[in-house]
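One structure is given below, encoded as structure tokens.
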């Protein structure tokens, strides 16, 4: 009875040990099968990490709005081309003829060269100031207004100026009163009315226009040289 029980117990233990050994071998086999796959993944991991890093850097650069060096060079080249094209456009010079009489363009140029920075008041349109019969142009000198009237000749300017009420105007050498009179400036065929209380500005405008119109340019006749003489 004891011997039979011992055989049965020993057989159970043997089967149990066999099962444990088989289970241990399966676990070892499983680990060995997984290890190469893990090594393969680790072998590709540096390359994958590099690709991901480049993708993130490119995305960050695009989101931050920073351009690449090549794009910057292209933009500089385009800007340089645009600058050259802009500076190569011809600028008209000498479009205001020097006839010895005032014209709107010559009055504008004289004020501009005097450093008064005139600007044409396009919103004002054509200036009509009764009782003057002529029409004028309004120029802006900072906060001041200058109405310029051009006549065919000096006699026409003097006749039209005689229609004005001189009590409403003062000369450039006079001080304005509390009524705020406008300053009257005349020169050859030009009549100008300046509305400014700045004495220094009134003096500068008067000096620029009272100097007279640009002199007529003699471009029609050429200088004749005397004939050469032979010395015996």
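Please treat every number below as a calculation from the coordinates, not as lab data. Not measured: the values here are computed from a predicted model. Positions of Cβ are backbone-derived with ideal geometry, glycine not excepted, and every protein chain shown enters the neighbour counts.
Expressed in units of 2.2 N^0.38 Å, where N is the residue count, the Cα radius of gyration of the stretch 104-210 is 0.99. Fully extending the segment from residue 109 to residue 197 would add 29.4 nm, taking 0.36 nm per residue of separation and subtracting the current Cα-Cα distance.
Neighbour counting of Cβ atoms within 10 Å sorts the residues 205, 148, 126, fewest neighbours leading, into 126, 148, 205.
At an R0 of 45 angstrom, the distance between the Cβ atoms of residue 99 and residue 178 translates into a FRET efficiency of 0.60.
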